[in-house]
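Okay, so here's the structure we're looking at.
The values are calculated or read from the model by the stated rules, or taken from the named source; none is laboratory data. Note that the coordinates shown come from a computational prediction; the quantities given were computed from them, not determined experimentally. Neighbour counts are summed over all protein chains in view; Cβ atoms, including those assigned to glycine, are modelled from backbone coordinates with ideal geometry.
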Amino acid sequence: MTAVKVRIQDLIEGAFDGTCVHTLFGEVSEARILGTLIDIFTTDDDSYISLTVDDGTETIRIKAWRQDVKKLKQFSRGDFIEVVGKIREYNEEIYLTPEVVSVVSPNRWILRELELMKGYLEAGGPQKEIRTKPQQQQGSTAAQEAEEQDVSRELLHKMEPLQSEEEIQGPSPPSDTSAPEVEVEQIEEFEILGEDEVVERVLDLLEKDMTKEDLIEQSGLDEIDVELSLRELLDEKKIRKEGNTYRRVK
């Protein structure tokens, strides 16, 4: 999967050379970010839309035009969203054009914070850079909850798939009553997998015909992980697609 999980700050502060941003993790042309949707702008004729996302380190706009506007119309202010997008620049502003956008739970945000902490420690970055304060929203945000977790350097070095509530306490459900409730115990269902492990899990399931929805349900992965895995496997011709179903190529 080519999309790189980064903080928004890495994109904003990195050096853009016209095709990619140079970051601590190297060159990034397609980014994968997760944050709170804090603002929406749409033109009267629906020919353009932008979403402003805040992950606690910085904000960035997700922009779409014409037929791609519908990709972003379904989201609401206050949603926790994950975005895979191509990096672009206009008038010295770094922004993303969306490839995949999905609503995620606050627990998923906590796990992303852990992934980024672990990655930055391994890359030699200071741990304190990840401990951030997001823009204030209604109620407490997942990034604020992440800051309150006492995550030690030892835990980050020894990170394994989470198996019990004792390893990390999940956040309280958002105070917004319109948002679905998130049980703390749900965090036990999530695993932190490497990209190759994610792709391999999807490939292993495709011994028989399956839809993307079937793969999400049976793999335990989120929508974006499955989407990116399918894209990579199709490019490598390891699977085929017929209609809405996918199957491994023998």
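Yes or no, residue by residue, for (1) more than 22 Å from residue 32 (Cβ to Cβ); (2) β-branched (Val, Ile, Thr); (3) in contact (Cβ under 8 Å) with a residue 24 or more places away in the chain:
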{"residue": "207", "(1), (2), (3)": "yes, no, yes"}
{"residue": "224", "(1), (2), (3)": "no, yes, yes"}
{"residue": "227", "(1), (2), (3)": "no, no, yes"}
{"residue": "237", "(1), (2), (3)": "yes, no, no"}
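Okay, residues lined up against (1) in the same structural domain as residue 228 (by TED's automatic domain parsing); (2) modelled with pLDDT under 95; (3) in a strand (DSSP E or B); (4) surrounded by fewer than 22 Cβ atoms within 10 Å (Cβ to Cβ):
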site: 63; (1), (2), (3), (4): no, no, yes, yes
site: 67; (1), (2), (3), (4): no, yes, no, yes
site: 110; (1), (2), (3), (4): no, yes, no, no
site: 118; (1), (2), (3), (4): no, yes, no, yes
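On the stretch given as region 21-37, residues that are surrounded by fewer than 18 Cβ atoms within 10 Å (Cβ to Cβ) and not charged (D, E, K, R) total 5. Return the residue satisfying two criteria in turn: it lies in region 1-20 and is in contact (Cβ under 8 Å) with a residue 12 or more places away in the chain and among the aliphatic types (A, V, I, L, M), and of such residues it is surrounded by the fewest Cβ atoms within 10 Å (Cβ to Cβ). That would be 12. Of the residues making up region 1-20, just one is touching a helix residue (DSSP H, G or I) at 6+ places or on another chain (Cβ under 7 Å) and assigned to a strand (DSSP E or B), namely 5. Can you tell me which residues in region 199-213 are out of contact with any Ser or Thr (no Cβ under 8 Å at 6 or more places or on another chain) and assigned to a helix (DSSP H, G or I)? Passing the criteria: 200, 204, 212, 213. Residues in region 21-54 that are assigned to a loop (DSSP other than H, G, I, E, B) and under 25 Å from residue 67 (Cα atoms): 29, 43, 44, 45, 46, 47.
Please find, within region 194-211, the residue that is farthest from residue 113 (Cα to Cα) out of those that are within 20 Å of the chain's Cα centre (by Cα) and surrounded by fewer than 17 Cβ atoms within 10 Å (Cβ to Cβ). It comes out as 200.
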